[in-house]
Structures are given as structure tokens and as C-alpha cells.
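First the structure, in the form of C-alpha cells, and then the observations on it.
The values are calculated or read from the model by the stated rules, or taken from the named source; none is laboratory data. Quick caveat: nothing in here was measured; it's all calculated off a predicted structure. Note: ideal-geometry Cβ built from the backbone for every residue, glycine included; neighbour counts use all protein chains shown.
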Amino acid sequence: MKDDSDYLLLSQLTHAGYCLRRVALVMNEQVWAESSDTAKGRMEHDRVHDRRIERRGEQIKLFEYEVYSDTLQLRGKCDCIEGSADVQGCQIPSVDFPVKLYPVEFKHGKVRAEEEYEIQLCAQAMCLEEMFHTTIPEGAIFYTSSHRRLSVELTEALRQKVCKTAEILRSIRDGYLIPKAEYSAKCKKCSLSDICMPKVQSSAKHYCEQMRREAEDT
Ligand code: SF4
């Protein structure tokens, strides 16, 4: 791997899908605030995040596996990579037979279709493909609270979204930009709402416009 200090984190791709302003505040202003949701997610994440390899016959599971892509300039960790023996598969360290890889990302809460999770999973697969010269057509998202998993087809369209999201994030980071707040239902659950103040921003804008109109009328 090349010098990775400029590489985006895979988790930032997920945050970008939630709100670009949020990820920019964390990335460019280094702010953070915990909410009950983020604390619960972190605790569940810590529970499952224990780096190890499990092997049963011709099936393996790699937990907390570090991945990167020099092409996409991304780095991060896969929660779990499942591997099954396959002559068409790839050779990976610590395993003495070729395997077909299947990344699984853990999320807390109930099963829900969130595109940002699919983007993060697809980015993990793209890193693995580059590292081990293989192809990964599918992965899964495992919801720890409900113990259910959703399989995700890693389509060309999803891969394009990975590239586009990384491009947008890079332009925000390199330009030290903070996108404007757009108040939505997500703001009610956002742990950064006290710092972001999305309603104040819109009302302040409205106030300034009103002041400008009054000044023009006098
Ligand atoms: S409060 Fe809303 S606009 Fe502000 S960072 Fe959070 S989600 Fe984004």
C-alpha cells in the first residue's frame, strides 16, 4: 500500500450518505458529539469487532480485516469477510486454499434498506477485489439487533456511486468546505444537531433576507 494519509475512510462513505454537512463537520472541523443512538451503535460495534480468524473445514471468517484501495484511495476495515473454498477463488494470507470472498457489514438496529450501507459494503468489496485480484458480485449487511442479514448485489451502478461519493468527499475535504444545513427528519436523530443548528441556519437566512428587503425598501 502507498502512503495512505490522504485516503478516505470507508466509514466516511456511510456518513456522507446520511448528511454531507455532518461528515464535513467531523472531517474539516473535527467536531463530534455522542447520542444514545451513536453510543448504542458503537457498543454493539465494539462487541462484534474483535480481530480474529475462524475456520471450519473449507469455510473461513475473517473479522475486523483491514482493507485498502490505492486506485480509489480508500482504507478501512471489514467487519467480517466470509470465505469458502473455490478453485476459481483467490489466495489470501493465512489460508492455504483458494477462497471465494463475501464481505458482511454489521449494523445495529432493525433491518432497513439504507443506500449508504450498501455503498460502504460495495467499497469494501472493491478494496478486496483490488488487493486479491478477484471479483466479488455480492455481500451482505447483518443487523445485529434483529439477527437478520440482507444480501446486496454489487452492481455496476452501486460501484459508480462509490466512486462518485468518494469524489464528492474529496472535494469537500480538500476545499475545507462545510455544506449548508438542510433541515430534515434526519436532523432529529443527528448527534451533531446542537453544533450544526440546522433550524437556526435557515431562520437566520430568512431573517437576513428580510433585513435586506427592508433596507432596500427604505
Ligand atoms: S443536524 Fe441535520 S443538517 Fe445538521 S449535520 Fe445533522 S443531519 Fe446534517
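Answer with yes or no whether Ile136 is more than 16 Å from the ligand (Cβ to nearest atom), part of a loop (DSSP other than H, G, I, E, B), among the hydrophobic types (A, V, I, L, M, F, W, C) and modelled with pLDDT of 95 or more. Talk me through it step by step, then tell me what you get.
On the way: more than 16 Å from the ligand (Cβ to nearest atom): yes; part of a loop (DSSP other than H, G, I, E, B): yes; among the hydrophobic types (A, V, I, L, M, F, W, C): yes; modelled with pLDDT of 95 or more: yes.
Here the answer is yes, as Ile136 does meet what is asked.
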Cβ pairs under 6 Å, 6+ apart, first in the stretch 182-198 and within 13 Å of Leu25 (Cβ to Cβ) and at pLDDT 90 or above, second crowded, with 18+ Cβ neighbours inside 10 Å and basic (Lys, Arg): Leu192/Arg22
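So, in the stretch 74-116, how many residues would count as being aromatic (Phe, Trp, Tyr) and out of contact with any Ser or Thr (no Cβ under 7 Å at 6 or more places or on another chain)? Please lay out each step first, then the result.
From the stretch 74-116, those aromatic (Phe, Trp, Tyr) are 97, 102, 106; that's our starting set.
Imposing the further condition that a residue be out of contact with any Ser or Thr (no Cβ under 7 Å at 6 or more places or on another chain) reduces the set to 97, 102.
Total meeting the criteria: 2.
Quick test for you: out of Arg112, Arg159, pick the one residue that is assigned by TED's automatic domain parsing to the domain that holds Tyr18 and either in contact with a Pro (Cβ under 8 Å, 6 or more places away or on another chain) or loosely packed, with under 13 Cβ neighbours inside 10 Å (or both). If you could, list the steps in order and put the result at the bottom.
On the way: Arg159 fails: either in contact with a Pro (Cβ under 8 Å, 6 or more places away or on another chain) or loosely packed, with under 13 Cβ neighbours inside 10 Å (or both).
Matching residue, one of Arg112, Arg159: Arg112.
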Among residues of the stretch 153-191, those that are outside any helix (DSSP H, G or I) and away from the ligand (no atom under 16 Å from the Cβ), counted: 5
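Looking at the stretch 44-56, can you tell me whether even one residue there is at pLDDT below 95, part of a helix (DSSP H, G or I) and closer than 30 Å to Tyr183 by Cβ? Write out each step before concluding.
Quick first cut of the stretch 44-56, residues at pLDDT below 95 only: 44-56.
With the extra rule that they be part of a helix (DSSP H, G or I), the set shrinks to 44-48.
Now drop any that are not closer than 30 Å to Tyr183 by Cβ, which leaves 44-45.
The answer is yes, given that some residue of the stretch 44-56 is at pLDDT below 95, part of a helix (DSSP H, G or I) and closer than 30 Å to Tyr183 by Cβ.
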Test: Glu130 is over 29 Å from Gln59 (Cβ atoms) and in the same structural domain as Glu64 (by TED's automatic domain parsing): no
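Being in contact with a helix residue (DSSP H, G or I) (Cβ under 7 Å, 6 or more places away or on another chain) and either among the small types (Gly, Ala, Ser) or touching a residue at least 60 places away in the same chain (Cβ under 8 Å) (or both) is the filter; apply it to the stretch 136-165 and report the residue that is farthest from Ile119 (Cα to Cα).
Kept after step one, since they are in contact with a helix residue (DSSP H, G or I) (Cβ under 7 Å, 6 or more places away or on another chain), are these residues of the stretch 136-165: 136, 139, 141, 144, 152, 154, 158-159, 161-162, 165.
From the residues that got through so far, the ones that are either among the small types (Gly, Ala, Ser) or touching a residue at least 60 places away in the same chain (Cβ under 8 Å) (or both) too are 139, 144, 162, 165.
Numbers: Gly139: 11, Thr144: 19, Val162: 6, Thr165: 9 Å.
Selected residue: Thr144.
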